[in-house]
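Trainee: Questions regarding the structure given below will be posed in turn.
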Amino acid sequence: MLYKEFGRTGQTVSRLGFGGMRFERPEDKDGMAAVVKHAFDRGITYLDTAPIYCDDKSEEICGLAIREMKKTGRPFQVASKTMAATRDEVRAQCERSLERLGVDAIDFYHVWCLVQPEDLPQRAKLGVLDAFRELKEEGLIRHICVSTHLEHDKVGTMLDQGEGLFEGMLIGLNALNYPLRYPGAKAAMDRGLGVVTMNSLGGGVMTEYADRFSTLLEEGDTGMVDAALRFNLSLPAVTVALVGFRNEQDVDGAVAAVERFRMLDERDIARIQGEMHEAHKDFCTQCGYCSDCPAAVPVVRLMDAYNRRILEGPKAAMDQMKWHWWTPDVEKVLEACVRCGQCEADCTQQLPILERFDQLKRDYQEFGS
Ligand code: SF4
Ligand code: SF4
């Protein structure tokens, strides 16, 4: 296993993290807790969970495992999150998580799911950051972190609104969305934060459509997990890469991939990105050159959804807008477009963005909600 200092926290964490959002049988809490304990025995010490995950059973499953992990006397860290938008709700959720996890303090507690630039200022106004500060002062949480879906330079701006509290950041980053998210990871590193990546395997897309991403593979790889972890763990800004484990086989596969890890250098990363773009000319690369829309249409997010459409069909595109970008009403978002053509003129991939908008609108009428 590989280990690394987590930002400036003084904590040392395993670089492969247990993502507790994909247990294959959440109703079998003891069986799934055994998967967590197995991962701990294989050297994984960073455990990420949250309320809601796995029919709201993930924290309880992790709590059962933690009771066993404590008996070993070996160190580990647990991360959880809250989307609560008021001071009192943050405290209530934190207390509930502490109880379910069976710990005196949560090591990394996240302000969860910041999707729009206004989300953090709004929550701060309602006392959320004050609540986090108090929980830390009382020793109920050790480090204040943030979990975000923001893109490009919006992340740095958001971090600077955090009143100097943030010590870590969770962000969806992988070889497919590197141009979209790496600037944010780097902004966090530059501010001394530890960075944890979620969606390290592209939300399962990279393993499911491995033939489309074969350019990532190297000799000796046994599958896309090797390639995805090699990519993320080679990025200087990344501290931990999470994998959402379903079972012990998943754990063993990822641990073996980390044991075979070979660090990519800057040139390798640039080459891989170039090859990816070459192999996926129909894909939006998420570069963000079209972000300057006079009508504030979220072109990058819509084109990300269209990428999903190419891989998995129209329903997946609508799900991406709804669950990843928290923008279910695609038709309403598209209404703002005045069809000036500026985004198409700026597009580095010369994508027919307006045609794709029309398609997404039709998809919304059929599959949206
Ligand atoms: S065509 Fe629409 S989305 Fe593109 S820049 Fe103009 S208003 Fe924005
Ligand atoms: S400029 Fe083109 S490729 Fe880049 S994010 Fe916008 S739509 Fe995607």
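Bear in mind that the values in this text are calculations on the coordinates, not laboratory data. What you see is a predicted model; the values in this text were computed from it and never measured. Cβ sites come from the backbone with ideal geometry, for glycine too, and all protein chains shown count toward neighbours.
Trainee: What ranking do Arg212, Arg230 get, fewest neighbouring Cβ atoms within 10 angstrom at the top?
Mentor: Ordered from fewest to most neighbouring Cβ atoms within 10 Å, Arg212, Arg230 come out as Arg212, Arg230.
Trainee: Can I ask one more? If you take every DSSP beta bridge fully contained in the chain, what fraction is antiparallel? Give it as a percent rounded to 5.
Mentor: So the antiparallel bridges amount to about 10 percent of the total.
Trainee: Neighbour counts of other C-beta atoms within 10 Å: give me Ile61, Ile269 arranged from fewest to most.
Mentor: Ile269, Ile61
Trainee: So, in nm, how far is label Asp30 from label Lys315 when the simple model puts each one 7 Å beyond its Cα toward the Cβ?
Mentor: Between Asp30 and Lys315, the label points sit 3.6 nm apart.
Trainee: Can you bin segment 1-105 into rounded, prolate or oblate? Criterion: square roots of the alpha carbon gyration tensor eigenvalues sorted a ≥ b ≥ c, rounded for a/c under 1.5, prolate for a/b above b/c, oblate for the rest.
Mentor: Because a/c hits 1.5 or more and a/b fails to exceed b/c, segment 1-105 counts as oblate.
Trainee: Between 0 and 90 degrees, rounded to the nearest ten: what's the tilt of helix 266-279 against the longest Cα principal axis of the chain?
Mentor: Approximately 50 degrees, to the nearest 10.
Trainee: Same structure, new question: Checking the cross-link filter: which aspartates and glutamates have an alpha carbon closer than 13 Å to that of Lys29, excluding same-chain neighbours under 8 positions apart?
Mentor: Once the sequence-local aspartates and glutamates are set aside, what remains near Lys29 is Asp55, Asp56, Glu59, Glu60.
Trainee: At 222 nm, what helix-only mean residue ellipticity would the chain give, in deg cm²/dmol to the nearest 500, using -39500 (n - 2.57) for each DSSP H run of four or more?
Mentor: Calculated from helices alone, the mean residue ellipticity at 222 nm is -13500 deg cm²/dmol.
Trainee: Which shape class, rounded, prolate or oblate, goes with segment 3-269 when its Cα gyration tensor gives a ≥ b ≥ c as root eigenvalues, a/c under 1.5 marks rounded, and past that a/b bigger than b/c marks prolate?
Mentor: The shape class here is oblate.
Trainee: Now, a different point. Taking the simple approach of a point 7 Å from Cα along Cα-to-Cβ for both Ala210 and Lys125, what is their distance in nm?
Mentor: With each label point 7 Å from Cα toward Cβ, the separation is 4.9 nm.
Trainee: Given the pairs Lys70/Lys136; Lys70/Lys322; Lys186/Lys332; Lys4/Lys37; Lys4/Lys322; Lys281/Lys315, which are separated by over 31 angstrom at their Cα positions?
Mentor: Beyond 31 Å: Lys70/Lys322; Lys186/Lys332; Lys4/Lys322.
Trainee: Could you tell me how many degrees, from 0 to 90 and to the nearest 10, lie between the Cα long axis of helix 29-41 and the main elongation axis, the longest principal axis, of the Cα atoms of the chain?
Mentor: Result, in degrees: 90.
Trainee: List every residue whose amide H lies under 5 Å from the amide H of Leu114, counting only residues 5 or more places away in sequence or on a different chain, with H placed 1.01 Å from N in the peptide plane.
Mentor: Ser147, Thr148, His149
Trainee: Right, another one. I need Tyr209, Tyr364, Tyr46 ordered by Cβ neighbour count within 10 Å, fewest first.
Mentor: The most exposed by this proxy come first: Tyr209, Tyr364, Tyr46.
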